[in-house]
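Shown next, in structure tokens, is the structure this report addresses.
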Amino acid sequence: MSSELQHTATPLASSIIALIDETRRRTLQKVNTELVRLYWQVGDHLSRESAKAGWGDAFIDETARHIAKAYPELKGWGRRGLYRMKQFYETYKDNKNVSPLVTQISWSCHLAILSGTKDMEEKEFYLNLCARERYSKRELERQIRSGYYERCMLSAQALPPEITATAARAGEGESPFLDSYVLEFLNLPDLYSESDLKRAVIGNLKNFVLEFGRDFSFVGEEYRLEVGASDYFIDLLFYHRGLSCLVAFELKIGRFEPEYLGKMNFYLEALDRDYKKPNENPSIGVILCAAKDDEVVEYAMSRSLSPTMVAEYNLKLIDKTILERKLREFRQLAANAPEPE
């Protein structure tokens with residue numbers, strides 16, 4: 001139901017509509033679970049028959065013809081659809097990590113992962129991500145195109161220990177933050193101001209949260225902090241449900257400058273003293289810049305104890321082949337690094 005209709009409905013009508021929506025969601029999930037289970041079983045049969053045949057897959061064409069004759073109204077059961085079910089089963093049949101996830105995501109999302117990923121580690125990553133974030137096919141395909149997996153792997157070693165410590169305290173397996181974000185959906189012109197950037201983010205909050213993770217809840221823009229007799233304003237303030245903490249964003253249209261860190265430290269101190277609830281973790285700061293020099297960031301952060309990170313953003317999708325090459329190089333360096341004495 002649209003938000004406009006929800007806003008105008010009576011409390012009783014809103015409650016009933018919410019029940020209908022929830023029941024529909026559960027029903028669709030159950031239907032999806034049964035369909036994916038069916039496709040898995042069909043893939044199993046086709047795989048075993050293929051192993052017995054030994055001379056080719058002509059039996060798939062024959063099977064598709066019989067199914068079309070029995071159920072002419074069914075879509076997706078032609079030769080191509082049957083091959084996909086066979087591929088689906090054979091890809092995951094020996095992977096115990098995947099078994100609990102198989103029925104948690106839609107068949108269309110499974111197809112996007114099978115066609116858009118290269119190795120099992122990447123497939124497992126997107127299966128877990130899709131199940132956790134409840135992606136639609138369109139949202140999942142966007143994350144695959146944007147190289148979310150590669151960016152996440154490359155970010156693992158770049159995050160400050162104070163932020164990973166917050167994730168550990170909150171019981172999160174890993175930090176939800178990345179070192180690099182893709183904001184192609186903002187559609188900004190070549191020349192834009194920080195105000196333009198902020199307005200574009202506010203106007204595209206759904207996509208912004210998709211890129212950062214659905215555990216982020218928007219608190220406010222130009223969020224006012226009262227310190228002494230003065231007012232200060234945080235560009236964007238979010239709350240992260242999984243980490244149980246406030247997250248302050250400062251948006252910069254240029255390269256990272258060390259003085260940005262002092263301002264963010266001040267904001268985090270004010271949030272923790274005056275706004276953080278006793279049961280919440282320390283606030284986190286994200287300085288989102290158009291570019292950064294990693295050496296300058298390392299120098300600036302070396303004596304900072306606050307949970308703050310500096311991340312880059314791109315206004316166009318990054319070439320996935322570049323990200324894949326960077327990840328390969330990173331793994332080769334890690335594999336060749338000398339063991340600590």
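Summarising the amide proton neighbourhood of V182: residues at separation of 5 or more, or on other chains, whose placed amide H is nearer than 5 Å comprise N314. Note on the chain: with charges restricted to the Cβ of Lys and Arg (+1) and Asp and Glu (-1), its dipole about the Cα centre is near 1820 debye. For region 164-185 and region 51-87, compute the distance between their C-alpha centroids and round to whole Å. Going from one Cα centre to the other spans 43 Å.
Going by the alpha-carbon gyration tensor, a ≥ b ≥ c the square roots of its eigenvalues, is region 225-319 rounded (a/c under 1.5) or, if a/c is not under 1.5, prolate (a/b greater than b/c) versus oblate?
Working: a/c = 1.78, a/b = 1.52, b/c = 1.17.
In terms of gyration-tensor shape, prolate.
Give the shape of region 114-154 as rounded, prolate or oblate, defined through the alpha-carbon gyration tensor: a ≥ b ≥ c are the square roots of its eigenvalues, a/c under 1.5 means rounded, and otherwise the shape is prolate if a/b is larger than b/c and oblate if not.
Numbers: a/c = 1.34, a/b = 1.29, b/c = 1.04.
Taking the square roots of the gyration eigenvalues as a ≥ b ≥ c, region 114-154 is rounded.
Here the extension length gained between D119 and S230 equals 34.5 nm, from 0.36 nm per residue of separation less the Cα-Cα distance. Size descriptors for region 183-229, from the alpha-carbon set: Rg then Dmax equal 13.2, 40 Å.
For the chain, what is the percent of antiparallel DSSP beta bridges, rounded to the nearest 5? Write out the running numbers ahead of the final one.
On the way: 15 of 29 bridges.
For the chain, the DSSP antiparallel bridge percentage is about 50.
Couplings 3J(HN,Hα) for region 113-129, derived from phi with the Karplus relation 6.51 cos²θ - 1.76 cosθ + 1.60 (θ = phi - 60°), are 6, 4, 8, x, 10, 10, 10, 5, 4, 5, 4, 4, 4, 6, 4, 5, 4 Hz, where x marks Gly and Pro. Annotation note: GluC sites (Glu not before Pro) in region 99-197 located in DSSP loop regions with a Cβ neighbour count of at most 16 within 10 Å are E172, E174. Only helical DSSP H runs with n ≥ 4 go in: add -39500 (n - 2.57) per run for the chain, normalise by residue count and round the 222 nm mean residue ellipticity to 500 deg cm²/dmol. So the calculated ellipticity at 222 nm is -17500 deg cm²/dmol. Would you work out if region 163-267 is rounded, prolate or oblate? Take a ≥ b ≥ c from the square roots of the eigenvalues of the alpha-carbon gyration tensor; rounded if a/c is under 1.5, else prolate when a/b is larger than b/c, oblate otherwise. It comes out oblate by the Cα gyration axes. Amide H contacts under 5 Å for F177: none, restricted to partners 5 or more places along the chain or on a different chain, H placed in the peptide plane at 1.01 Å from N. For G78, the amide hydrogen comes within under 5 Å of no other amide hydrogen, counting only partners 5 or more places away or on other chains and with H modelled in the peptide plane.
Quote the relative contact order of region 128-195 in percent (integer), defining contacts as alpha-carbon pairs under 8 Å separated by 6+ residues.
Details: 24 pairs, mean separation 19.2, N = 68.
Worked out over region 128-195, it gives 28 percent.
Residues E259, E49, ranked from the fewest to the most other C-beta atoms within 10 Å, line up as E259, E49. For the peptides 289-296, 249-256, 311-318, the ranking by packing is 249-256, 311-318, 289-296, with the highest mean count of neighbouring Cβ atoms within 10 Å listed first.
Every read-out reported here was derived from the displayed coordinates using simple, explicitly stated rules and does not represent laboratory data. Since the structure is predicted, the reported quantities are computational estimates derived from the model, not experimental observations. Note: ideal-geometry Cβ built from the backbone for every residue, glycine included; neighbour counts use all protein chains shown.
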